[in-house]
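These notes are about the structure you will find just below.
The values are calculated or read from the model by the stated rules, or taken from the named source; none is laboratory data. Nothing here was measured: the structure is a model prediction, and the numbers come from that model. Glycine also receives a Cβ, built like all others from the backbone with ideal geometry; neighbour counts cover every protein chain displayed.
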Amino acid sequence: MGPVGRLDKASEGLLLLTNDSEWAARISDPVSHLDKTYHTQVGVIADAILTAKLLHGLRTGGELVRAKHARVLRCGEKNSWLEIVLDEGKNRQIRRMFDSIGIEVLRLIRVAIGPLLLGELAKGTFRALTPAEKSALDEAVRTARGLTSISGKG
């Protein structure tokens, strides 16, 4: 059993595990552009200017990285939660984007992979995918790649 994709050690949230390496490769392949959704707590009060920067793209390590979608979920007195959707999944992309503009990431939680939601699954627990969830992931990859069929186990 191995992971489908990765989370850095300071991140938490949804992680898929499988014994089907071909299925794992299809789900995690950058060509699939399968959306990954994160809830990110940052050490500033977020606004439309910040989300525009994330969408427009930021240079980090000589590379332009950007979010597919970004929106403010809520703001406190000293920090904010944002929802950020990526479709490329470059190494530590969210942390690198915020680092490039001097903003500290306080928490980073992956809450969805394609149509699959973390939901109420408690930290440190796991469950099997339902056949419908597996089919929905396969369909999301098919749609993203413009394919008509995918076979394989989950």
Completion exercise
For the stretch 96-142, the count of residues that are over 18 Å from the mean Cα position of the chain (by Cα), under 24 Å from LEU55 (Cβ atoms) and surrounded by 14 or more Cβ atoms within 10 Å (Cβ to Cβ) equals 2
Handout entry: Considering residues of the stretch 54-89 that are among the basic types (Lys, Arg) and more than 15 Å from VAL111 (Cβ to Cβ) only, the residue surrounded by the fewest Cβ atoms within 10 Å (Cβ to Cβ)
Key = LYS78
Practice task
Could you tell me whether the stretch 32-54 includes any residue that is without any contact (Cβ under 8 Å) to a residue 24 or more places away in the chain and under 16 Å from the mean Cα position of the chain (by Cα)?
Solution key: no
Practice task
Take the stretch 59-95 and flag every residue that is within 14 Å of the chain's Cα centre (by Cα) and outside any strand (DSSP E or B).
Solution key: ARG66, ALA67, LYS68, ASP87, GLU88, GLY89, LYS90, ASN91, ARG92, GLN93, ILE94, ARG95
Exercise for the section: Could you pull out the residue among VAL44, VAL72, VAL141, VAL105 that is within 23 Å of LEU16 (Cβ to Cβ) and at pLDDT 95 or above? Expected result: VAL105
Handout entry: Any hit, the stretch 41-53, residues being among the polar types (S, T, N, Q), surrounded by 14 or more Cβ atoms within 10 Å (Cβ to Cβ), part of a strand (DSSP E or B) and touching an Asp or Glu at 6+ places or on another chain (Cβ under 9 Å)
Key = no
Handout entry: Selection status of ALA144, more than 14 Å from GLY43 (Cα to Cα), assigned to a strand (DSSP E or B) and not polar (S, T, N, Q)
Key = no
Exercise for the section: Could you tell me whether the stretch 77-93 includes any residue that is under 20 Å from SER11 (Cβ atoms), modelled with pLDDT of 95 or more and charged (D, E, K, R)? Expected result: yes
Practice task
Report, ordered by the first and then the second residue, all pairs with beta carbons closer than 8 Å, sequence separation of six or more or different chains, a first member in the stretch 69-94 that is on the phi > 0 side of the Ramachandran plot and in contact (Cβ under 8 Å) with a residue 24 or more places away in the chain, and a second member that is surrounded by 14 or more Cβ atoms within 10 Å (Cβ to Cβ) and in a strand (DSSP E or B).
Solution key: GLY89/LYS36
Practice task
Return a yes/no flag: does the stretch 51-59 have any residue that is under 21 Å from ALA10 (Cα atoms) and touching a Ser or Thr at 6+ places or on another chain (Cβ under 6 Å).
Solution key: no
Fill in the blank from the handout: Within the stretch 16-40, of all residues that are among the acidic types (Asp, Glu) and more than 23 Å from GLY119 (Cα to Cα), the one surrounded by the fewest Cβ atoms within 10 Å (Cβ to Cβ) is GLU22
